[in-house]
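Reading through the structure tokens given below for one structure.
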Amino acid sequence: MTDTNHGDMFSEEHLKPFLPDQAFKARALIHDQALYRKAEADRLSYWAEMAENIEWINKWDQVLDDSNPPYYKWFVNGKLNVAANCLDRQVDKGLGNKKALIFEGENGDCTTLTYSDLLKEVSKFSSVLAKLGVNKGDAVTIWMPMVPEAIITMLACTRIGAMHSVVFGGFSPEALKDRILDSKSKVLVTADGAFRRGKTIPMKSAADEVLQNCPSIERVVIVERTGIPFEKVPNRDFTWTELISGAESDFKAVIMDAEDPLFILYSSGTTGKPKGILHTTGGYLVGVNATFRYVFDHKENDIYWCTADIGWITGHSYIVYGPLSNGSTVFIYEGVPDYPAKDRFWELIEKYKITVFYTAPTAIRSFMRWGNQFPDGCNLGSLRLLGSVGEPINPEAWLWYHEHIGKGHCPIVDTWWQTETGMIMITPLPGVTPLKPGSATNTFPGIEADVVDDQGRPTKTGQRGFLVIKSPWPAMLRTLYEDHERYEYTYWKQYEGLYFTGDGAWKDADGYFWIMGRVDDVLNVSGHRIGTMEVESALVDHHSVAEAAVIGKVHEIKGHAITAFVTLKEGFEGSEQLAQELKKHVGKMIGAIARPEEIFFTYELPKTRSGKIMRRLLRDIAENRELGDVTTLMDPQVVASIKDGFKE
């Protein structure tokens, strides 16, 4: 997979380093190479030092036990509790009156919880879960909108030693059922419904459709968020209000071993059994605590907003456990960025004086398409740091984000990591690293990664290969829940002693990583391997294009024919002339072999409610196959519109 050199793919503007602002650097937690040198000199001593930022009930005997790969153990025999580190410890440090969570609902309702408030509410719900029969090691499924009760439930699970399994609120009841069956959850915590673009979406009644086929569920707790009526099954269903009203607020945190399970998080695969990624307690907390502190240059007065949902790993690591274990103030918002208007996010940044903003490239490209007038109409002067997460960010989106949201002075931490890694792995440190638009730059101190070819040999500069991790890291997954064989096969069988990420990448002359997306999104065009991300990035580089999704349509001669679905910026209209211009642009940037055979213009791409583009559906449309489930899409009408356009 190393037949293409990418050194000339981007223009000089794209590759021009942005040096850290001197004023930012002067105040940054990390402003030189000392942390990198410390990690390189003795990696395990470095991680032991990072672990000193966590409160341990009993110290570990051994930093890393690597005697039985790939079943690594971190901080062996260490004892701690994650919720106590996030809450009790912060209160004990004098932060009881500091804001922990600031919440705004889609309808404008607001709630603020201090660390003392949050500790009290988590303790009360811990008592509730214990009375409902949840014990250490049991699983609790959480299927909820983005409301404070969801985070309270997660922390209550960790407080009593139960594993939580958070299912994204936008997933279908069928997906919920699959995850309950696999985790054998005893309790489901859900809501009567959710607010979405001014509508109310039922959740409890939707869950009832599948709960009769989930024999492990003994109790259901319902948060009354919207007022949608629902039926209660006697002796099984209880409202949050009735349970919490008389609950004790001094539930003592359970002592957990560093290697005790913390949570299961299922990958959102579209076919087959979902993968239950299992994370444990000590190493995970050390990893997310250290990365949050240094990647986001944590300051005591920060108001931090990560726009992810807690149904994804980003929500677990960088809304809940990383920020709260550092005593940060976290802002959470229930709604979407374009309701009731396309300036909603910018209004919220202005209103709450957000200082750190962490969002996805998909969202950034949507902001670009809507127009500069929306961010330009709000005061974004409180922002000091921006972040990107979820997929590789194309250079044009990076530059727009830097100019229009950061106003040219906010560093952008473009972070690469996975559900499986638990923590950020490749990232700039904002006070140290020269930034290149589109590159996640270097590994976080203490992480060892490389790009290798089919035989596992390091690739040359500019050559694409497979991104691998060369040594264990604290927040790594420990296995797939009750499926060790699949764990070994998926991540460890490709290359001896290396963790296989499943992503393609290349390194430039400075050793910077350029992530090209999933290798299963690599097309074989007449014997040449071309990443869909490369073609998408080239299309979005054109001044008319807001967003693009590329798929490979089966071609009996070429193997794959490249088909592109494109949304345009305001003021542009799709035409045959523009399609030809875009094809020529891709050919100029990558080469004639990468020119799309077909380009279709669409007003929107099919996305899940979390913003992930569903390329599978585009492939089904292109190859005239039966479409799968579209209920998880943000706008199911998009698929019908694309399908109609494809037939014309």
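Values in this text are rule-based calculations from the coordinates and carry no lab data. In this text the structure is predicted, and so the values were computed from the model without any measurement. Here Cβ is always computed from backbone atoms with ideal geometry, including for glycine, and neighbour counts include all displayed protein chains.
Some notes on this structure:
- In segment 344-444, inverting the average of 1/r over every pair of distinct C-alpha atoms gives 13.8 Å as the Kirkwood radius.
- Treating r as the C-beta distance of residue 131 and residue 55 and R0 as 30 Å, the FRET efficiency rounds to 0.65.
- Bridge orientation summary for segment 27-167: considering DSSP beta bridges with both residues in this region, about 70 percent are antiparallel.
- Spin-label model distance (nm) - residue 111 vs residue 66, 7 Å beyond Cα toward Cβ: 4.4
- Here the translational diffusion coefficient of the chain follows from Stokes-Einstein with Rh set to the Kirkwood radius across Cα pairs; for 25 °C and 0.890 mPa s it amounts to 97 µm²/s.
- Value at 222 nm in deg cm²/dmol, rounded to 500, when DSSP H runs of n ≥ 4 in the chain each add -39,500 (n - 2.57): -8000 deg cm²/dmol
- Cα-centred dipole magnitude for the chain, charges only on beta-carbon of K, R (+1) and D, E (-1), debye, nearest 20: 520
- Pairs exceeding 32 Å between alpha-carbon atoms, taken from 38/184; 99/407; 275/553; 124/612; 38/73; 353/436: 38/184; 124/612.
- Protection proxy ranking of 418-427, 573-582, 475-484 - average other beta-carbon atoms within 10 Å, highest first: 418-427, 475-484, 573-582
- Neighbour counting of Cβ atoms within 10 Å sorts the residues 119, 523, 380, fewest neighbours leading, into 380, 523, 119.
- DSSP finds beta bridges in the chain, and of those with both partners inside it, around 60 percent are antiparallel.
- Helix 361-370 axis, angle to the chain major axis (alpha carbon atoms, nearest 10°): 60
- Judged by the mean number of other Cβ atoms found within 10 Å, the most tightly packed of the peptides 388-398, 326-336 leads the ranking 388-398, 326-336.
- Separation between Cα centres of segment 530-546 and segment 32-95, rounded to whole Å: 41
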